[in-house]
Amino acid sequence: MRIFYTVLFVAILCVIATLNFSEQAQLDPGQDGVPFCNFQEEPCRYNASWGQVNLTSSTNKVVSETEFQLFLDAIPGADFEIKSAFLQGRDMYMGKIPVFFNSQNESYRADIMLGACTESQMVWRLNINVMIKQAPQTLLFDFVSYQ
């Protein structure tokens, strides 16, 4: 039931945002130095001085109103913990959708469903707040969903 209300809320926000913004979202890869994930080609990589984190999807093409999973592979043997995560529209305000990752050994899994938008494509930004070696970090990933 919670998923239904989340999807309904996001769909309503999308309609309101579309009415307020006449320009279509720009699919500008790598905006602000944030990795632009193309799950059809390869895992999305976040490189930092402390190592690399890979983000993959259970589907090659993320479709609105269809459940999918995101998988985050942590650094083997590293002191790595996800504190919180959320999704938000990158170019269009859609509110914040909480994302809950479950730990599976040294990887994490989240079940996600995105609401439909009036646009045929929407760029989403995944924000993951983590603790790495007792220091807070924020990992950002952009990806596209389709109607």
**Report entry** Relative contact order of the range 25-135, pairs being alpha-carbon contacts under 8 Å that are 6 or more residues apart, as %
**Finding:** 26 percent
Requested in this report: Any chance you could check the Cα centroid distance between the range 31-54 and the range 80-147 for me, in angstrom?
Outcome: 13 Å
Query raised in the report: Which lysines have a Cα lying under 16 Å from the Cα of K61, excluding residues fewer than 8 positions away in the same chain?
Result: none
Query raised in the report: Spin-label point model (7 Å from Cα, Cβ direction): what's the M131 to W50 distance in nm?
Result: 1.1 nm
**Report entry** Proximal lysines to K133, defined as alpha-carbon separation beneath 26 angstrom and excluding residues fewer than eight positions away on the same chain
**Finding:** K83
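Every read-out reported here was derived from the displayed coordinates using simple, explicitly stated rules and does not represent laboratory data. All of these numbers come straight from a predicted model, not from anything done at the bench. All Cβ positions, even for glycine, are placed from backbone atoms using ideal geometry, and neighbour counts span all protein chains on display.
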